[in-house]
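To start, the structure under review is shown below, and the notes come after it.
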Amino acid sequence: MKQKSIYVVASYTDTVPGKLITARAKLKFWNRYEGDTYSHISLSRDNRLRNMVSFARKEMKNPFNSGIVTEDIKRDMFVLNPDKSKIAVMQLGVSEETHQIVSDKIDEYLRMGEHLKFNYLGLVSLLLSGTRGFTLSNQFFCSQWATTVLRESGIDIFPKKRPEDVRPFDFYRELKEYQIYEGLTKDYPEEGIDFIPKVFQYKRR
């Protein structure tokens with residue numbers, strides 16, 4: 001069976017939302033979590049990370065115009081503050097069939113773009129409570145959307161969590177053994193990084 005990979009990218013960019021999430025983590029001197037300064041999650045179908053997909057701002061200077069977007073690790077928010085922006089890349093080995101299912105699912109959401117909105121209420125709820133997000137029809141924030149796409153494709157990373165309760169650093173903690181890169185975004189190589197992937201062990205409810 002031919003092996004392919006899906007890449008889960010946790011990131012911190014030196015933006016206002018990123019700073020707020022990081023500040024909350026730093027203020028929480030008890031019960032800190034590994035990787036809790038990561039504030040964003042994206043999915044990529046290739047190792048160069050030049051065509052990632054997530055839920056984020058559509059315009060650099062307007063965080064309130066947000067929704068499903070394509071992202072480039074060498075452009076926009078990822079290079080805004082190159083000495084502070086960092087990423088962690090997790091490579092999940094999947095079958096060719098599963099890779100195609102994930103890819104088709106991502107494309108399906110991209111086609112629905114004008115009908116999808118950013119889940120501000122859910123994100124605020126998750127930030128304030130630390131554990132409980134809020135869901136509305138056709139509204140997502142980054143980690144909620146990534147969890148939903150993977151789950152709908154048969155990859156259930158968090159079988160005991162609702163998608164709206166998943167935080168960006170939950171991916172970092174859960175997928176640590178699949179990590180192939182962690183460091184400044186600017187140092188990620190143009191040609192990408194590709195190890196022989198560890199086959200992701202699917203978790204079922």
Legend entry - Taking the convex hull of Cα positions in region 119-179, its mean projected area over all directions (nm²): 4.1
Legend entry - Accessible-area value, residue 74, 1.4 Å probe, nucleic acids and ligands omitted, Å²: 50
Inset, instruction - Output ³J(HN,Hα) for region 48-60: one whole-Hz value per residue in order, computed from phi by the Karplus curve 6.51 cos²θ - 1.76 cosθ + 1.60 with θ = phi - 60°, and x for Gly and Pro. - result: 7, 6, 9, 9, 6, 9, 6, 10, 6, 5, 8, 10, 4
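Tell me, what % of the accessible area of region 66-205 is carbon and sulfur with a 1.4 angstrom probe?
Numbers: 3630 of 6970 Å².
Reported share for carbon and sulfur atoms: 52 percent.
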Legend entry - Rg/Rg_globular for the chain, with Rg_globular taken as 2.2 N^0.38 Å and Rg from C-alpha atoms: 0.95
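If one computes P(r) from the Cα atoms of region 158-205, what percent of pairs lie at distances over 14 Å? Show your work: numbers first, answer last.
On the way: 728 of 1128 pairs.
Every Cα pair in region 158-205 considered, those over 14 Å come to 65 percent.
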Inset, instruction - Starting at the first residue of region 174-182, write each ³J(HN,Hα) from the Karplus equation 6.51 cos²θ - 1.76 cosθ + 1.60 with θ = phi - 60°, in whole Hz, x for Gly and Pro. - result: 6, 10, 4, 6, 9, 6, 10, 7, 8
Legend entry - Expected 222 nm ellipticity per residue - DSSP helices of 4 or more, -39500 (n - 2.57), all of the chain, to 500: -8500 deg cm²/dmol
Legend entry - Whole-Å distance, taken between Cα centres, linking region 169-190 and region 115-151: 22
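With +1 on each Lys and Arg Cβ and -1 on each Asp and Glu Cβ, how big is the dipole of the chain about its Cα centre, in debye rounded to the nearest 20?
720
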Inset, instruction - Can you tell me how much longer the chain between residue 201 and residue 70 gets when fully stretched, taken as 0.36 nm per residue apart minus their C-alpha distance, in nm with one decimal? - result: 44.4 nm
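Kindly report the accessible area of the chain per residue (heavy atoms of protein chains, probe 1.4 Å, no ligands, DNA or RNA), in Å². All intermediate terms of the calculation are to be shown ahead of the outcome.
Details: 10450 Å² over 205 residues.
With the other protein chains kept in place, the chain gives 51 Å² per residue.
The values are calculated or read from the model by the stated rules, or taken from the named source; none is laboratory data. Bear in mind the structure is a predicted one, so any value in this text is a computation, not a measurement. Virtual Cβ from ideal backbone geometry, glycine too; neighbours counted across all protein chains shown. The protein model used for the area step is the full one, side chains on, heavy atoms only, and it has no ligands, DNA or RNA in it. Shrake-Rupley method; radii C 1.70, N 1.55, O 1.52, S 1.80 Å.
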